[in-house]
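See below for the structure under consideration.
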Amino acid sequence: MAELHGVPPINTAHRVGLQPIATPSRLLLGPGPSNAHPTVLQALSRTPIGHLDPLYVELMGEVQELLRYVWQTDNRLTIPMSGTGSAAMEATLANTIEPGDKVLVAIKGYFGLRLADMAGRYRAEVVTVERPWGEAFSLDELEQALIRHKPAILAMVHAETSTGVCQPMAGIGDLCRQHNCLLLLDTVTSLGAVPLYLDDWKVDLAYSCSQKGLSCPPGLGPFSMGPRAEAKMMARQGKVPNWYLDVTLLNQYWGSDRVYHHTAPVNMNFGMREALRLLAEEGLEQAWARHRRNAEALWAGLEALGLELHVPAELRLPTLTTVRIPKGVDGKAFTQHLLNRHGIEVGGGLGALGGQVWRIGLMGFNSTPENVTTLLNLFETELPAFRSSAPVVAAVA
Ligand SMILES: *Cc1c(COP(=O)(O)O)cnc(C)c1O
């Protein structure tokens with residue numbers, strides 16, 4: 001047998017034989033992802049077109065314009081980053097931080113911690129102000145911290161998905177201007193679902209994701225940069241230390257030059273375009289009101305069942321509700337039961353709230369009265385079996 005020189009034998013150890021994909025249908029009522037709108041899913045399965053095709057370039061403009069609408073901003077530098085919300089989060093920091101810049105992070109939950117971690121990696125001098133998980137910051141507290149630290153950037157989370165708190169934003173932007181500091185806001189769990197006014201609130205940098213309030217699958221991270229942040233970026237001494245997320249380069253593609261940077265995830269942007277189109281068709285105020293209405297029905301229903309909500313009513317986030325797991329209840333066993341028996345995902349606690357709360361999401365396409373009713377019925381009829389006094393077999397019966 002003639003031996004082929006230099007050609008190694010094929011290693012078949014990893015050649016697993018698979019059946020065609022068959023994912024179950026799930027109702028995603030946790031902290032995200034949320035279910036995508038069926039129209040968005042159809043858009044995702046269209047044949048890709050070139051990322052410099054004139055038709056695609058037109059679509060890019062549509063996505064940018066509708067992102068400005070849902071964020072209520074005129075920011076020119078408003079683009080969907082390729083990657084999830086965390087990529088857009090990283091983009092806000094990577095483009096504006098120069099080594100040694102002081103970044104004040106207001107931490108009241110898990111995602112504040114992530115902001116602090118990322119800012120440190122870009123060699124910011126990170127300082128923090130903290131609140132217990134389940135509370136929000138007062139204007140006075142933030143002002144004291146600004147006076148004390150004199151940061152270049154104040155970074156904070158609008159809708160804290162780990163706690164279910166919505167940070168009141170009135171006056172914070174003005175404070176930041178008075179103290180000559182940029183305001184960076186995480187709007188991952190508020191965009192499209194909770195009142196949000198980037199320009200009116202004087203937010204200089206914001207980011208979000210596709211898979212929560214926007215009814216898209218995960219994969220894009222909307223990003224917006226205002227003129228003050230842009231000025232800081234343009235005055236940098238060195239290059240933006242992250243090539244992929246460098247807005248000075250990305251803007252040559254998203255702006256009028258159309259210079260290739262990286263291959264755009266075109267199908268994800270098809271989906272984003274449709275998600276935003278549907279949101280504009282519904283109307284922003286109508287979508288906000290729908291989220292509030294359904295959340296209030298959920299809150300009332302849970303309280304009527306004797307369950308305790310972790311966040312006081314005035315700070316509650318319509319997209320994400322934290323419910324205290326009652327004493328004697330195996331919280332994890334109940335969420336596993338909901339998933340295995342009913343195909344419904346509900347989240348557990350994260351970080352400091354691990355084991356203490358369930359996290360129920362009503363986001364985008366999933367914020368409906370039907371979903372609220374379905375879930376409340378299950379809490380009413382099936383939770384009792386998970387109390388420690390109930391026989392374990394009841395869950396299976
Ligand atoms: C989900 C979430 C993120 C991270 O987004 P990914 O899409 O998971 O990368 C950031 N901040 C908040 C508040 C979130 O809820």
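The values are calculated or read from the model by the stated rules, or taken from the named source; none is laboratory data. Note that the coordinates shown come from a computational prediction; the quantities given were computed from them, not determined experimentally. Don't worry about glycine lacking a Cβ; one is built from the backbone with ideal geometry, like all the others, and counts go over all protein chains shown. Just the protein is used for accessible areas: all its heavy atoms, side chains included, with ligands, DNA and RNA removed. Shrake-Rupley method; radii C 1.70, N 1.55, O 1.52, S 1.80 Å.
Could you tell me whether region 43-58 includes any residue that is open to solvent by less than 30 Å² (accessible area, probe 1.4 Å) and within 16 Å of the ligand (Cβ to nearest atom)? Break it down into steps so the answer makes sense when it comes.
First, pick out the residues of region 43-58 that are open to solvent by less than 30 Å² (accessible area, probe 1.4 Å): 43, 56.
Filter again for within 16 Å of the ligand (Cβ to nearest atom), leaving none.
No; the residues of region 43-58 include none that is open to solvent by less than 30 Å² (accessible area, probe 1.4 Å) and within 16 Å of the ligand (Cβ to nearest atom).
In the set Thr73, Thr47, only one residue is under 30 Å from Val126 (Cβ atoms) and either touching a helix residue (DSSP H, G or I) at 6+ places or on another chain (Cβ under 9 Å) or not charged (D, E, K, R) (or both); that residue is Thr73. Scanning region 107-126 for residues that are open to solvent by less than 50 Å² (accessible area, probe 1.4 Å), at pLDDT 95 or above, among the charged types (D, E, K, R) and in contact with a strand residue (DSSP E or B) (Cβ under 7 Å, 6 or more places away or on another chain) turns up at least one hit. Listed by position, the strands (runs of 3 or more DSSP E) contained in region 16-131 that have at least 2 residues being under 29 Å from Ala264 (Cβ atoms) are 77-82.
The set of residues from region 359-378 being open to solvent by less than 50 Å² (accessible area, probe 1.4 Å) and either charged (D, E, K, R) or assigned to a helix (DSSP H, G or I) (or both) comprises Arg359, Gly364, Asn366, Asn371, Val372, Leu375, Leu376, Leu378. Taking residues in region 249-274 that are open to solvent by less than 60 Å² (accessible area, probe 1.4 Å), and partners anywhere that are part of a helix (DSSP H, G or I) and among the aromatic types (Phe, Trp, Tyr), the pairs with Cβ atoms closer than 9 Å and at least 6 places apart or on different chains are His261/Tyr253; His261/Trp254; His262/Tyr253; Ala264/Tyr56; Ala264/Tyr253; Val266/Tyr56; Asn269/Tyr56. Restricting region 65-79 to residues that are touching a Ser or Thr at 6+ places or on another chain (Cβ under 9 Å) and open to solvent by 20 Å² or more (accessible area, probe 1.4 Å) leaves a set whose member that is farthest from the ligand (Cβ to nearest atom) is Glu65. For beta carbons closer than 8 Å, sequence separation of 6+ or different chains, a first residue in region 162-189 that is assigned to a strand (DSSP E or B) and a second that is within 11 Å of the ligand (Cβ to nearest atom) and open to solvent by 10 Å² or more (accessible area, probe 1.4 Å), the qualifying pairs are Asp186/Phe111.
Consider Ala289 carefully, then state whether it is aliphatic (A, V, I, L, M), modelled with pLDDT of 95 or more, more than 30 Å from Val323 (Cα to Cα) and away from the ligand (no atom under 16 Å from the Cβ).
On the way: aliphatic (A, V, I, L, M): yes; modelled with pLDDT of 95 or more: yes; more than 30 Å from Val323 (Cα to Cα): no; away from the ligand (no atom under 16 Å from the Cβ): yes.
Against the criterion (aliphatic (A, V, I, L, M), modelled with pLDDT of 95 or more, more than 30 Å from Val323 (Cα to Cα) and away from the ligand (no atom under 16 Å from the Cβ)), Ala289 does not qualify.
The sole residue among Ser86, Ser82, Ser162 that is within 16 Å of the ligand (Cβ to nearest atom), touching a Cys at 6+ places or on another chain (Cβ under 9 Å) and either open to solvent by 20 Å² or more (accessible area, probe 1.4 Å) or among the polar types (S, T, N, Q) (or both) is Ser86. Taking the criterion of being part of a loop (DSSP other than H, G, I, E, B) and either over 20 Å from the mean Cα position of the chain (by Cα) or modelled with pLDDT under 95 (or both), the residues of region 138-161 that qualify are Ser138, Lys150, Pro151, Ala152.
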